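Every number in this text was worked out from the coordinates using simple rules, so none of it is lab data. The structure presented is a predicted model; accordingly, all values stated were derived computationally and were not measured. Glycine gets a Cβ as well: all are built from the backbone with ideal geometry, and neighbour counts include every protein chain shown.
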Amino acid sequence: MITMNDIIREGHPTLRKVADEVSFPLSEEDRELGIKMSEFLKNSQDPELAEKYQLRGGVGLAAPQLNISKRITAIEIPNMEEEGGEPFLSTVMYNPKVLSHSVQQAAIEEGEGCLSVDRHVPGLVVRNAKITISYMDQDGEKHKLRLKDYPAIVIQHELDHLNGIMFYDHINPENPNYAADDVLLIQ
Ligand SMILES: O=C(O)C[C@@H](Cc1ccccc1)[C@H](O)SCc1ccccc1
Ligand code: NI
């Protein structure tokens, strides 16, 4: 199983690389990797397992964070309304792409963190408020998703990892808590 020991931290060069597309049909290795990445996120959201294996909670994980420079990301966004209900989005995305995005921008009010960053970096991470993405699933099926609010932020955070971008690259160095009036603040 993947643990925090498998996750590389800021400063490791792989986090600054543009990851390579995966080819289909998926190799057994890439299929297995996706399954393990999903398992990590589920474990990290289980209080007992997170405690037992000292896992930081995660709603997304990108293969470069495991020192694997491939365009693979696992997403495990819990149901916001119903505790313990079906997750809002639980999937492994291969070769995800942003097809379009809103002009409107948004940021999580309390800022962002990262499993590959062992420090608090305060500041607003301004992103697109809405995005339309495509991705391939493990069976080679193409999917198209329109996302907004928190899920849109999570996906953009993960897609950044596939392009060697860290969340704090988006923070205004002069005034970290600055956001234009029209930037949507997400609780
Ligand atoms: O490091 C990662 O890529 C996983 C991040 C993704 C993320 C960070 C900030 C905002 C949205 C997504 C982890 O999920 S950060 C830990 C976390 C856990 C639960 C809820 C929010 C953030
Ligand atoms: Ni991250």
Of those in region 155-187 that are more than 26 Å from V92 (Cβ to Cβ) and without any contact (Cβ under 8 Å) to a residue 12 or more places away in the chain, the residue surrounded by the most Cβ atoms within 10 Å (Cβ to Cβ) is N175
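Each row is one residue, and each column tells you yes or no for (1) among the hydroxyl-bearing types (S, T, Y); (2) surrounded by 13 or more Cβ atoms within 10 Å (Cβ to Cβ).
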{"residue": "L26", "(1), (2)": "no, yes"}
{"residue": "F40", "(1), (2)": "no, yes"}
{"residue": "L61", "(1), (2)": "no, yes"}
{"residue": "E76", "(1), (2)": "no, yes"}
{"residue": "M80", "(1), (2)": "no, no"}
{"residue": "S102", "(1), (2)": "yes, yes"}
{"residue": "L115", "(1), (2)": "no, yes"}
{"residue": "V125", "(1), (2)": "no, yes"}
Exactly one of D46, D6 is free of Cβ contacts under 8 Å to residues at least 60 places away in the same chain and either under 21 Å from P151 (Cα atoms) or of a type outside the set (A, V, I, L, M) (or both), and that residue is D46
When (1) in a loop (DSSP other than H, G, I, E, B); (2) closer than 15 Å to K70 by Cα are applied to M1, the one that fails is (2)
Across (1) under 18 Å from L33 (Cα atoms); (2) within 14 Å of ligand 1 (Cβ to nearest atom); (3) crowded, with 19+ Cβ neighbours inside 10 Å, S90 clears everything bar (3)
If we keep only residues of region 114-134 that are basic (K, R) and within 17 Å of Q156 (Cα to Cα), then the residue farthest from ligand 1 (Cβ to nearest atom) is K130
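Any chance you could count how many residues in region 150-178 are assigned to a loop (DSSP other than H, G, I, E, B) and farther than 25 Å from L99 by Cβ?
Restricting attention to region 150-178, the residues satisfying the condition of being assigned to a loop (DSSP other than H, G, I, E, B) are 163-166, 171-178.
Narrowing further to those that are farther than 25 Å from L99 by Cβ: 171-178.
The number of residues fulfilling the criteria is 8.
Just to verify a result, which residue in region 42-56, among those that are surrounded by fewer than 21 Cβ atoms within 10 Å (Cβ to Cβ) and in a helix (DSSP H, G or I), is nearest to the chain's Cα centre (by Cα)? Can you show your working first?
Keep residues of region 42-56 that are surrounded by fewer than 21 Cβ atoms within 10 Å (Cβ to Cβ), which gives 42-43, 45-54, 56.
Cutting the leftovers down to in a helix (DSSP H, G or I) gives us 42-43, 47-52.
On the way: K42: 14, N43: 16, P47: 20, E48: 23, L49: 21, A50: 18, E51: 22, K52: 23 Å.
Residue satisfying both the conditions and the ranking: K42.
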